[in-house]
Amino acid sequence: MTSRHILAAIALTFALCAQAQSWTLQQCIDWAREHSITVAKNRVTAEQAKIDLKDARANRLPTVSFTTRQEYSNRPFQSNSSRIVGDDVVTIDNKNVYSGSYGINASMPLYDGGKTGNTIKRQELNTQIAQLRVDAAQLTIEEDIATIYVQLLYAQETVVQDQLQVALSEQQLERGKAVFQAGMLNRADVSQLESQLANDRYQLVADQMAVADYKLRLKQLLELDGDTTITIADPMLTADVLAPLPLKSEVYAAAVTQRPEVRAQQLAIDCNDIDVKIARASKLPQITLNAGLSSSNSSGNGNMFTQLKNQWNNSVGVTLNVPIWDHGRANNAMARARLDRETALLNLSETQKNLWRTIENYWQNATSAQQRYIAAQQKVEAARTSFELTSEQFRLGLKNILELTTDKTLYSASVQQMLQAKYMAILNAALLRYYGGQSIAL
């Protein structure tokens, strides 16, 4: 078996395992953290920031370069020619002359107004910001997955309730037909029961399509192939529906210090402060240390190695560059950096307000859902009792078909309301605790 066949077999095995796997919420989150394209893009940006930091640090080191020039010249109308070789003027009778020069040059900045040091500090902050953006992308994908996961759980339980309603309607229709055959029910009442069954089957199909849609959205978040069949684990959630909620202020206090998007905005302000210093450095003198080694040779001037030895030259020096007029570029750069800082402050304020708004929405939704869940439980019990009594009275001929279908519809609607409140409370409470620093758990 070739390596290609082995890889194909492994891929097929993995695909079959993925299709048969029942995904828990944590498994979905772990998978998405490793396979999300959005997270991967941010990781690439973070690696690029690390390379930029290496470049900034390298600017403190000397630069060394080797240069050589090889030249051939022909003077057909001169009996002899003169050339400068090193520090000497050499007369050459040959009309064809070949010459070469060689040099090693080095330079190192001694003082640049702090520009290099501040650039390094800025790139260090950029590296941290890039990593924080990776973390923020991971948190966003976790939040999205948790939302879809809970919505899928709700949709699946809705389908179960729909199936129960269909089974109940089928049972009522069979009973109605039997009563109709006995002459105790008219045809219009049977048609009403048939209509109720058709309506329940339609609702079942609609909710099954909703399940399929949520599964598709979950697969897209997980970056799974479209042909992959995905099923999710169904945890026991009822015990957590009415769990006490943390205070909004406590959640916000934790989130504003822990959330990576807030920390990234704070570091962006520090970057702008450094940008001002970098721009100011352009107005200061720069001192550079220079050193070099060089030699040269020319044809018709003796032995090549002797020439290289005689023309050997060592040099060292210091260059001072004092900016006098740069058309106001340095001042403009400083002004832009200060304006960027103001923008960064506004971005931080906006991020904090959005964070508070998100937490407040989750808290309000969770509180409202818990209250609706308590009320819905009572409503379900009352509707169930009423429907059971009406069903028995209908069987005895004391209630008509309209009263039966009305009570059944009210009971079904109250169950759906309870399920909706249940999952809304679970989702918003979980996300509220998530923003407070806890892991997402159902």
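The values are calculated or read from the model by the stated rules, or taken from the named source; none is laboratory data. Quantities reported herein were computed from a predicted structural model and do not represent experimental measurements. All Cβ positions, glycine included, derive from the backbone under ideal geometry; neighbour counts span all protein chains shown.
Evaluate the following for residue 251: is it surrounded by 12 or more Cβ atoms within 10 Å (Cβ to Cβ), modelled with pLDDT of 95 or more, touching a helix residue (DSSP H, G or I) at 6+ places or on another chain (Cβ under 8 Å) and β-branched (Val, Ile, Thr)?
In short, yes.
Suppose the filter is aliphatic (A, V, I, L, M), in a helix (DSSP H, G or I) and free of Cβ contacts under 8 Å to residues at least 12 places away in the same chain; does residue 410 pass it?
When the stated conditions are applied, residue 410 does not pass them.
For the stretch 278-287, give me each residue that is in a strand (DSSP E or B) and either surrounded by fewer than 17 Cβ atoms within 10 Å (Cβ to Cβ) or small (Gly, Ala, Ser) (or both).
287, the sole residue that qualifies.
Would you pick out the residues in the stretch 317-329 that are surrounded by 11 or more Cβ atoms within 10 Å (Cβ to Cβ) and aliphatic (A, V, I, L, M)?
Of everything in the stretch 317-329, nothing turns out to be surrounded by 11 or more Cβ atoms within 10 Å (Cβ to Cβ) and aliphatic (A, V, I, L, M).
Criterion first (in contact with a strand residue (DSSP E or B) (Cβ under 8 Å, 6 or more places away or on another chain), of a type outside the set (A, V, I, L, M, F, W, C) and buried (at least 18 other Cβ atoms within 10 Å of the Cβ)) does residue 314 satisfy it?
The answer is no for residue 314.
Please work out which residue is surrounded by the fewest Cβ atoms within 10 Å (Cβ to Cβ), limiting yourself to the stretch 164-185 and to residues that are under 15 Å from residue 405 (Cβ atoms) and polar (S, T, N, Q).
171
Of (1) touching a Phe, Trp or Tyr at 6+ places or on another chain (Cβ under 9 Å); (2) surrounded by 13 or more Cβ atoms within 10 Å (Cβ to Cβ); (3) without any contact (Cβ under 8 Å) to a residue 40 or more places away in the chain; (4) farther than 16 Å from residue 408 by Cα, residue 216 satisfies all except one. Which?
Evaluating residue 216 over (1) touching a Phe, Trp or Tyr at 6+ places or on another chain (Cβ under 9 Å); (2) surrounded by 13 or more Cβ atoms within 10 Å (Cβ to Cβ); (3) without any contact (Cβ under 8 Å) to a residue 40 or more places away in the chain; (4) farther than 16 Å from residue 408 by Cα leaves (1) as the failure.
Which condition number does residue 325 fail, the rest of (1) aromatic (Phe, Trp, Tyr); (2) touching a residue at least 24 places away in the same chain (Cβ under 8 Å); (3) outside any helix (DSSP H, G or I) being met?
Answer for residue 325: the failing condition is (2).
Residues checked against (1) outside the structural domain of residue 103 (by TED's automatic domain parsing); (2) of a type in the set (Ser, Thr, Tyr):
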residue: 259; (1), (2): yes, no
residue: 267; (1), (2): yes, no
residue: 296; (1), (2): no, yes
residue: 309; (1), (2): no, no
residue: 316; (1), (2): no, no
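Does the stretch 165-180 include one or more residues that are within 30 Å of residue 50 (Cβ to Cβ) and modelled with pLDDT of 90 or more?
Looking for residues that are within 30 Å of residue 50 (Cβ to Cβ) and modelled with pLDDT of 90 or more, one finds none in the stretch 165-180, hence no.
State yes or no: is residue 362 in the same structural domain as residue 245 (by TED's automatic domain parsing), of a type in the set (Ser, Thr, Tyr), part of a helix (DSSP H, G or I) and within 37 Å of the chain's Cα centre (by Cα)?
The answer is yes for residue 362.
Can you find a residue that is assigned by TED's automatic domain parsing to the domain that holds residue 410, in a helix (DSSP H, G or I), buried (at least 16 other Cβ atoms within 10 Å of the Cβ) and among the polar types (S, T, N, Q) anywhere in the stretch 224-240?
no
Just to be sure, is residue 182 touching a Leu at 6+ places or on another chain (Cβ under 7 Å) and small (Gly, Ala, Ser)?
When the stated conditions are applied, residue 182 does not pass them.
List the number of the failed condition for residue 318; all other conditions in (1) modelled with pLDDT of 90 or more; (2) at positive phi; (3) not aromatic (Phe, Trp, Tyr) hold.
Checking residue 318 against (1) modelled with pLDDT of 90 or more; (2) at positive phi; (3) not aromatic (Phe, Trp, Tyr), the one that fails is (2).
Given the conditions (1) touching a Ser or Thr at 6+ places or on another chain (Cβ under 7 Å); (2) more than 18 Å from residue 413 (Cα to Cα); (3) free of Cβ contacts under 8 Å to residues at least 40 places away in the same chain, report the number of the one that residue 223 does not fulfil.
In the conditions (1) touching a Ser or Thr at 6+ places or on another chain (Cβ under 7 Å); (2) more than 18 Å from residue 413 (Cα to Cα); (3) free of Cβ contacts under 8 Å to residues at least 40 places away in the same chain, residue 223 misses (3) alone.
Restricting to the stretch 108-125, give me the number of residues that are surrounded by 17 or more Cβ atoms within 10 Å (Cβ to Cβ) and among the hydrophobic types (A, V, I, L, M, F, W, C).
Within the stretch 108-125, residues that are surrounded by 17 or more Cβ atoms within 10 Å (Cβ to Cβ) and among the hydrophobic types (A, V, I, L, M, F, W, C) number 2.
Filter the stretch 374-418 down to the residues that are aromatic (Phe, Trp, Tyr) and within 28 Å of residue 241 (Cβ to Cβ), then identify the one that is nearest to the chain's Cα centre (by Cα).
Filtering first and then ranking leaves 411.
Could you identify the single residue in 348, 284 that is under 30 Å from residue 108 (Cβ atoms) and among the aliphatic types (A, V, I, L, M)?
284
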